Every structure is written in structure tokens, then in C-alpha cells.
Amino acid sequence: MSARRAPSGLGKAGRALWRDLQGEFGFAAHELAILTQVCRIVDRLDQIEAELAGATLTVAGSTGQPRAHPLLAEWRAQARVLESLSRALSIPLPSEEIGRRRSPSAREAALQRWSHGGVA
């Protein structure tokens, strides 16, 4: 897998994300594998959203009862995987220095600790 070229099969959103992140960060081989999956999930979420845009959010169940469209659950599942893989990449937040990576939850905890006049 080349560090500069996006993997084949990525859609528009996935390729754009690949270019943006590759242009800003240097990734190790194992991180490129994670980034590839992140880009594929971004494309998958776009496809699900496009499908849902033209559909109702409820469908008829086995006995005719209204139930949530199955793609809503799949969207949620894909979004969770995207969040997990994104955390695994440990990309620094916009206010952080490159090289000092902190997860969003750790950053929030630190901000909470020190937001009361420096008193923990």
C-alpha cells in the first residue's frame, strides 16, 4: 500500500479524507491499514445516507407493524466502528501539538481538571 496514493476502490469522500490526512500526517504501515478502513467506512456511511435520503425512516415489520429502517441500525454500527478506528489513529486535535497526541476523552478530562483556576 503506497503512503501517497489512496487505495483503489475508495469513493469520493474516502479519497478526500485520505488526501487530507496523508498531506498532514506521516503514518506508519499499521496506521495506513487503519486509515484505509476509516476511509472505506466514511464511503459506506455516505452510501447509507444516500439510500436513506430517498426512503422513509420506518418500514413494515413481519406482522405489518412499523419499525425502524434497518439501515439506521447499520449506520449506527458503522459510526461506532469509525469512532473506534479514528481513536486508534490518535490524530491530534486542532489545538494540540503534533507529536503530543491525546484522545478526545483524555483532553476533555484534562480541561475539566484544570478549568477551575488550576485546582484539580
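List of remarks:
- Looking only at residues in region 25-55 that are of a type in the set (D, E, K, R) and free of Cβ contacts under 8 Å to residues at least 40 places away in the same chain, the one that is farthest from Ala88 (Cα to Cα) is Glu51.
- Odd one out for His69, checked against (1) surrounded by 15 or more Cβ atoms within 10 Å (Cβ to Cβ); (2) within 15 Å of the chain's Cα centre (by Cα); (3) modelled with pLDDT of 95 or more: (2)
- Pair list, Cβ under 7 Å, 6 or more apart: region 5-21 residue at pLDDT 95 or above, other residue buried (at least 16 other Cβ atoms within 10 Å of the Cβ) and of a type outside the set (A, V, I, L, M, F, W, C): Leu10/Arg40; Leu10/Asp43; Gly11/Asp43; Ala13/Asp43; Gly14/Arg40; Gly14/Asp43
- Positions within region 47-75 being part of a helix (DSSP H, G or I) and among the small types (Gly, Ala, Ser), in sequence order: Ala50, Ala53, Ala73
The values are calculated or read from the model by the stated rules, or taken from the named source; none is laboratory data. Just so you know, these numbers come straight off a predicted model, no measurement behind them. Please note: Cβ atoms are built from the backbone with ideal geometry, for glycine as well, and neighbour counts cover all protein chains shown.
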